[in-house]
Amino acid sequence: MLRNLLAFLFLTLATITAFAQEARQRLADFRRVVVDDHALPVTRFAAEELAEYAGRVAGTKLEIVPLSKYDPAGEGLSFFVGEAAGEKVLGQKLGPWKQEEWMLKTVPQGLILAGDDKPGPAISPEHQVGSSVAAGSQLATYTFLDDTLGVKWLWPGPFGEHVPSRPDFELPHFDVRRVPDLIIRSYIVGYPPKYHTKAFSVEAAKWQRRTRQAWVPTALFRHAWEEIFGLRDKQRAEQLLKEHPEWFALHNGKRHTRKMCTTNPEVLDIVTNFVLNDKNRAISSISPEDGGGFCECENCRALDIPGLLSYDGIRPQISDRIFTYANEIARRVREKQPGKGVGIFAYTYYNEPPVKIERLEPNLYISFVFQAMAHVDPAVQEEWKQRTQRWKRLAPNLVMREGWGNHYLIDMPFPHDKEIIEAFQFGYQNGFIAAYGEGSKAFASQAPNAWAAVRMMWDPKQDPANLMKEFYRVAYGPAADAMEAYFGTFRKALEENYPKRNFIIPNRGMSYSNILNSWHLIYPAEILEEAEKHLQEAERIAPPGEYADRVKFTRFGFEYTRTMLELLRCYRDLAQMGVKLKAFENLENLPRDPARERDLLRRAYELGEKREDFMLAHRDWAAVDEGLYAHIANGRQGLPWHNTIKKMLGIRTPSRVTEESLKDQP
């Protein structure tokens, strides 16, 4: 009996001692990163990133050692990256893995960082939305580097990374195995990569990986009818219209190729077959094209709720017809391919859940379009919460489709990190399973918004009480308070002045026309004066190095904002005198003053050229988005304000910021 008791006590003491030894592992005692000789690219990249950043934190050089050359008797501790290395040291299988599952596990020899890794490129610069390759070992690595060692990636490229010095750091004991809370996590950095330098696109792709973003389910949620029916070819579209007019929407008495008739049986057959034959995606989109012009045939209108209007208070809400169409497609697909998903927007005239449909099909994914920036208006936020709960009762799969930094803001500050955080919290609690949306390349003016979005999409259950304090501390160090006051000046202006915006369109949500014609009300001159005082204080306090560099980076965003606000005032004043500038409204109908008009045109030209200077000054910085400008001002979006000014002044020089010109620049 005594012998058994002593044996038990010895075993217990040995276990406690071993645990204590594991818990006291010092970062400085790690000597190497062990990875399989034939590791997948995502696994190999995780090992390289761990060696680089953990080594910098520790102030040592970590060697990358092939698994075949690993010596268990070697000096010091080791990081074991990937499934093969983890199984070798544990002596047991780690798989099978769930999608994107990752693990951190302390062992006497060091730490295992492994997960669900799949073949494919380590990063995907060509994919704007983020990588579609599962990289569980990377998730484990970046979780360790970020959450444990304190390495942070604030934005892509120069000035964006923070690597603390912690040579005496002691690792906690790890025994964690998890999957991400959201199956899609994507902050889309600006407009398509074709507008950006190759160097920036690579940095943006790395930043997405490092902030634990991914788009692993091969899902698509975009306007899809052009692809499904081959309507991008205008000649083919006209031929189809001639041969099958009944497929197309009847609008104002005529059939047109912008929309389809969603009650036509052949349309339903074509869409169903498209989804069934789409072998490249787990979830295929069947969303209508953007804009209006929906079908007004008798069968389509019969599905609408009489008298029920959409968000604009003018056009009918067409949710019942659109989701009758979507539900039917999803049902047919599920019968033939049970694992196949169907995706569709909840958007504009069909952003509300249908009234007559009791439940949507389990394989239908609703990409719920909204913008937390509109939630600066409390009434809009409350309406969104109610709409979310209405969707929750109907739809099993809700996907957040956001616009954290879209073109409405023209790369200027619009601090709404509070609303972003609240949207993630409420959305996750009410059934959102994925999140993606338009971000911005304009981190020089919108970095707090991006921080809130990427931190919450990785961990929507976290307590966000200190989330933004952490951003300012990490980003600006001793100048944190001054920089928080700088962005806080714009935030205070939003709270006080956003309710004063002009309502060109009777919609309390985020309307491009409303905000474009209201910037002078939201940020009057005194707001810039106050913001600059805080920025100057930060410039005085920030020590040379990373903190001063980031303040300088923000100064670039401030000077761009100052230029833009004056330029927009010029455009607005010209519009008040009758000059036609698209999207600017003549609200005051002032008499024409040729001398004043000429002065405004000249000043608008100078400022427009200066705006293009900003676009081209630091294209490898995540500062302002030259792609947005090229796409909106000189592309198919068609808001060519600067070109209009030049034409009125008789200036023939082309814009320096177009898709073609950007391709020719390094």
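The values are calculated or read from the model by the stated rules, or taken from the named source; none is laboratory data. No experiment lies behind these values; they were computed from the predicted model shown. Here Cβ is always computed from backbone atoms with ideal geometry, including for glycine, and neighbour counts include all displayed protein chains. All accessible areas refer to the heavy atoms of the entire protein, side chains included, with ligands and DNA or RNA removed. Shrake-Rupley method; radii C 1.70, N 1.55, O 1.52, S 1.80 Å.
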**Report entry** Under the Karplus curve 6.51 cos²θ - 1.76 cosθ + 1.60, θ = phi - 60°, whole-Hz ³J(HN,Hα) for the range 601-615, x wherever Gly or Pro sits
**Finding:** 4, 5, 5, 4, 5, 4, 6, x, 5, 5, 4, 5, 4, 4, 4
Report task. May I ask which residue of Ile504, Leu394, Val369 lies farthest towards the positive end of the charge dipole of the chain, with charges of +1 (Lys, Arg) and -1 (Asp, Glu) on Cβ and the Cα centre as origin? Result -> Leu394
Query raised in the report: Can you give me the Cα centroid spacing of the range 435-509 and the range 163-187 in angstrom?
Result: 24
Query raised in the report: For the peptides 316-328, 161-173, 456-468, what is the packing order when you average, over each peptide's residues, the other Cβ atoms within 10 Å and list the highest mean first?
Result: 316-328, 456-468, 161-173
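Output the antiparallel fraction of DSSP beta bridges having both residues in the chain, as a percent to the nearest 5. Don't skip to the answer; put the middle values down first.
Values: 20 of 57 bridges.
Percent antiparallel among DSSP bridges in the chain is about 35.
Hey, got the dipole for the chain? About the Cα centre, +1 on K and R Cβ, -1 on D and E Cβ, debye to the nearest 20?
Around 840 debye, computed over the chain.
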Query raised in the report: In nm, to one decimal, how far is the Asp71 label point from the Glu597 one, both placed 7 Å along Cα→Cβ?
Result: 8.5
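Loop-only GluC sites (Glu not before Pro) in the range 354-427, please: DSSP not H, G, I, E or B, and at most 16 other Cβ atoms within 10 Å.
Glu358
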Report summary line: Expressed in angstrom and rounded, the centroid-to-centroid distance over alpha carbons for the range 305-343 and the range 352-406 is 14
Query - Cross-link reach list, lysines versus Lys88, counting only Cα pairs under 26 Å and skipping chain neighbours closer than eight places - result: Lys61, Lys69, Lys98, Lys105, Lys118
Requested in this report: Using amide H atoms built 1.01 Å from N in the peptide plane, name the residues 5+ places from Phe169, or on other chains, whose amide H lies under 5 Å from its own.
Outcome: Leu27, Ala28
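Multiply the residue gap between Leu394 and Glu238 by 0.36 nm, knock off their C-alpha separation, and tell me the result in nm, one decimal place.
Details: separation 156, 0.36 × 156 = 56.16 nm, distance 3.79 nm.
Value of the extension gain: 52.4 nm.
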Report summary line: Along the range 416-424, Karplus-curve 3J(HN,Hα) (6.51, -1.76, 1.60; θ = phi - 60°) to the nearest Hz, with x for Gly and Pro, reads 9, 4, 4, 5, 4, 4, 5, 5, 5
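Can you give me the relative contact order of the chain as a percent, contacts being Cα pairs under 8 Å and 6 or more apart?
Numbers: 1235 pairs, mean separation 72.4, N = 666.
Across the chain, relative contact order equals 11 percent.
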Query - Nearest-20 debye value, the range 439-529 charge dipole, Cβ charges on Lys, Arg, Asp, Glu - result: 300
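Assign one of three labels to the range 378-473, namely rounded, prolate or oblate, based on the Cα gyration tensor with a ≥ b ≥ c the square roots of its eigenvalues; rounded applies when a/c is under 1.5, prolate when it is not and a/b is larger than b/c, and oblate otherwise. Write down the numbers at each step before the final one.
On the way: a/c = 1.93, a/b = 1.48, b/c = 1.30.
Since a/c reaches 1.5 and a/b is larger than b/c, the shape of the range 378-473 is classed as prolate.
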Query raised in the report: Considering the dipole of the chain built from charges on the beta carbon (Lys and Arg +1, Asp and Glu -1) around the Cα centre, which of Pro594, Ala330, Thr143 is farthest to its positive end?
Result: Ala330
Report task. Give the residue from Ile527, Gln99, Tyr476 lying farthest towards the positive end of the charge dipole for the chain; charges sit on Cβ (+1 for Lys and Arg, -1 for Asp and Glu) and the dipole is referred to the Cα centre. Result -> Gln99
Report summary line: With +1 at each Lys and Arg Cβ and -1 at each Asp and Glu Cβ, the charge dipole magnitude of the range 233-332 around its Cα centre, to the nearest 20 debye, comes out at 160
Report summary line: Whole-percent carbon and sulfur contribution to the accessible surface of the chain (1.4 Å, no ligands, DNA or RNA) stands at 52
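Using a probe radius of 1.4 Å on heavy atoms only, what accessible surface per residue do you get for the chain? Whole Å² is fine.
Values: 28380 Å² over 666 residues.
On a per-residue basis, the chain sits at 43 Å².
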Query raised in the report: Can you put Asp481, Asp417 in order of accessible area, largest first, using a 1.4 Å probe?
Result: Asp481, Asp417
Query raised in the report: What are the ³J(HN,Hα) values, in whole Hz, obtained from phi via the Karplus relation 6.51 cos²θ - 1.76 cosθ + 1.60 with θ = phi - 60°, for each residue of the range 401-415 in sequence order, with x given for Gly and Pro?
Result: 10, 9, x, 4, x, 6, 5, 4, 8, 6, 6, 9, x, 7, x
Report task. Once you have a ≥ b ≥ c as the square roots of the Cα gyration tensor eigenvalues for the range 212-302, tell me rounded if a/c is under 1.5, and otherwise prolate or oblate according to whether a/b is larger than b/c. Result -> prolate
**Report entry** For the chain, the Rg and Dmax computed from alpha carbons only, in angstrom
**Finding:** 27.7, 108
